[in-house]
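This report concerns only the one structure given below.
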Protein chains: 2
Amino acid sequence: MAGRTAGEGVREIPEATVARLPVYLRALTGLADDGITTCSSEELALVAGVNSAKLRKDLSYLGSYGTRGVGYDVDYLRYQIAREIGVTQDLPVVIVGIGNLGHALANYSGFRSRGFRVVALLDADPTRHGEVVAGVEVRAFDDLEAIVREHDVAIGVIATPASAAQDVADRMVACGISSVLNFAPAVIAVPEGVDVRKVDLSIELQILAYHEQRKSHGAGERMEAAQ
Amino acid sequence: MAGRTAGEGVREIPEATVARLPVYLRALTGLADDGITTCSSEELALVAGVNSAKLRKDLSYLGSYGTRGVGYDVDYLRYQIAREIGVTQDLPVVIVGIGNLGHALANYSGFRSRGFRVVALLDADPTRHGEVVAGVEVRAFDDLEAIVREHDVAIGVIATPASAAQDVADRMVACGISSVLNFAPAVIAVPEGVDVRKVDLSIELQILAYHEQRKSHGAGERMEAAQ
DNA sequence: TAGATTGTTAATCGATTAACAATC
DNA sequence: TAGATTGTTAATCGATTAACAATC
């Protein structure tokens with residue numbers, strides 16, 4: 001149930017840490033872009049938006065890549081984190097559903113720059129086929145299997161309406177895709193061994209709404225620091 | 001630091017529970033659409049994608065809205081959760097940055113159907129001004145303050161490039177916006193009392209990549225259920 | 001009354017944090 | 001050597017879960 005049973009040092013990295021590694025990676029890239037070659041856990045934590053104790057604890061799961069009294073080499077740490085995540089070379093991705101969101105995703109430069117390559121855009125609507133988005137031609141959903149086989153695609157992105165999401169997920173799984181990023185506002189069921197992550201735009205807004213409501217009530221204290 | 005000090009029954013709902021309330025709300029809406037008027041915690045948990053113990057524990061923070069031996073009235077529970085979140089009437093939202101993602105967000109029907117109203121679309125690029133997206137005219141970023149004042153906007157959405165995000169956030173905060181949903185791939189700093197939630201498309205993909213990598217290594221066990 | 005299901009308790013698990021010994 | 005900063009320990013905190021008494 002917990003995947004591989006430990007044993008020969010297959011480091012078990014906590015899920016909360018895994019979710020922050022990409023944040024550190026981005027922060028390090030930002031530092032490197034600014035010409036900074038070395039940083040302390042304090043400095044990196046600041047730009048990553050976490051506290052330094054948490055950062056050091058997180059990094060300790062990967063190994064000892066810092067130097068006491070000195071800090072971390074930006075490029076070296078960046079490579080180690082990228083290696084740990086597995087984004088040192090481009091991973092092929094397919095996007096299904098080329099509506100507004102699919103367009104945005106296809107054009108999203110952050111995929112390319114962070115180790116992903118959009119190898120295909122698929123849509124069920126035949127009138128969309130042949131259209132070129134972000135340099136990639138929109139193809140029929142039925143081409144999924146051939147594309148997955150050709151490019152050895154392991155990650156699929158669902159950007160369809162909610163009603164189509166489960167069907168798309170089933171087809172992806174049947175083709176051998178084992179990681180799914182789901183933007184459709186629907187819970188999808190997948191077999192054991194397949195990972196699903198869900199991004200839900202309106203849920204994030206609702207969480208904000210909850211806190212917003214709490215602020216305006218109970219008029220006791222108000223925003224203390226107004227910058 | 002923990003906001004209002006308890007006292008006269010200002011229920012303190014755990015953050016993890018708050019994040020799931022919108023999920024329950026959506027699940028209940030789905031059940032209602034299917035004509036289901038009553039459900040058990042087991043049934044609701046199934047469609048929400050959580051286990052029933054967690055669901056009941058979460059709902060217990062809101063009050064006692066179920067009936068032992070019977071279950072929950074779908075419409076009643078739905079109303080209670082919506083009231084708790086604060087989305088019983090439309091909350092005004094502004095979106096800044098009308099690129100691909102901004103377009104997708106403006107057209108996203110889930111906002112409207114879940115208690116949010118996009119009152120303005122703003123972009124720094126003058127060539128975009130006047131364009132109508134999803135029935136709303138794109139206006140100048142400088143109009144932000146007037147719009148926030150006119151519609152009493154409390155929630156802002158940032159869909160700009162990373163380089164503009166901090167500046168947009170500063171301007172939003174200066175206008176009195178106290179909740180920000182940030183889609184730009186950048187950490188933004190805001191004063192105490194302002195909430196920020198961040199949606200990062202490439203981070204989600206990277207988390208999937210990490211698990212994907214782990215699957216292909218250690219060839220020990222494989223996907224047991226292939227559906 | 002018997003069966004069903006909630007709401008709550010308590011145990012467990014995992015994540016965060018402060019503090020500091022190790023060490024550059 | 002003195003100063004700085006990592007990597008780790010241990011304490012704390014919060015979230016999850018199973019179990020079951022309460023009660024419809």
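Structure values in brief
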quantity: Whichever residue in the stretch A:45-78 is open to solvent by less than 40 Å² (accessible area, probe 1.4 Å), touching a Gly at 6+ places or on another chain (Cβ under 8 Å) and among the aliphatic types (A, V, I, L, M) and, among such residues, is nearest to DNA strand D (Cβ to nearest atom); calculated: A:LEU59
quantity: All positions within the stretch B:152-168 that are under 15 Å from the mean Cα position of the chain (by Cα), part of a loop (DSSP other than H, G, I, E, B) and surrounded by 23 or more Cβ atoms within 10 Å (Cβ to Cβ); calculated: B:ALA159
quantity: Answer residue from the stretch B:62-95, given it is of a type in the set (D, E, K, R) and within 17 Å of the chain's Cα centre (by Cα) and is farthest from DNA strand C (Cβ to nearest atom) among those; calculated: B:ASP90
quantity: Among (1) open to solvent by less than 70 Å² (accessible area, probe 1.4 Å); (2) farther than 18 Å from A:THR38 by Cα - the single one A:ASN100 does not satisfy; calculated: (1)
quantity: Test: B:ARG56 is under 20 Å from B:ARG114 (Cα atoms) and in a helix (DSSP H, G or I); calculated: no
quantity: Scan of the stretch A:98-127 for residues that are small (Gly, Ala, Ser), within 11 Å of chain B (Cβ to nearest Cβ) and either assigned to a helix (DSSP H, G or I) or touching a Pro at 6+ places or on another chain (Cβ under 9 Å) (or both), ordered by number; calculated: A:GLY99, A:GLY102, A:ALA104, A:ALA106, A:SER109, A:GLY110, A:SER113
quantity: Near pairs, Cβ below 9 angstrom, 6+ apart or cross-chain, from the stretch A:63-80 (away from chain B (no Cβ under 14 Å) and over 18 Å from A:GLY30 (Cβ atoms)) to any residue that is in a loop (DSSP other than H, G, I, E, B) and more than 9 Å from DNA strand C (Cβ to nearest atom); calculated: A:GLY63/A:ARG11; A:GLY66/A:SER40; A:VAL70/A:SER40
quantity: Where a residue in the stretch A:145-165 is free of Cβ contacts under 8 Å to residues at least 24 places away in the same chain and its partner, wherever it lies, is hydrophobic (A, V, I, L, M, F, W, C), with Cβ under 8 Å and at least six apart; calculated: A:SER163/A:ALA186; A:ALA165/A:ILE158; A:ALA165/A:ALA184; A:ALA165/A:ALA186; A:ALA165/A:ILE188
quantity: Test for B:ARG197: is it part of a strand (DSSP E or B), open to solvent by 50 Å² or more (accessible area, probe 1.4 Å) and more than 7 Å from every other protein chain (Cβ to nearest Cβ); calculated: no
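The values are calculated or read from the model by the stated rules, or taken from the named source; none is laboratory data. Owing to the predicted nature of the structure, the values given are computational and were not obtained by experimental measurement. Neighbour counts are summed over all protein chains in view; Cβ atoms, including those assigned to glycine, are modelled from backbone coordinates with ideal geometry. Areas reflect the complete protein model, heavy atoms only, side chains present, ligands, DNA and RNA absent. Shrake-Rupley method; radii C 1.70, N 1.55, O 1.52, S 1.80 Å.
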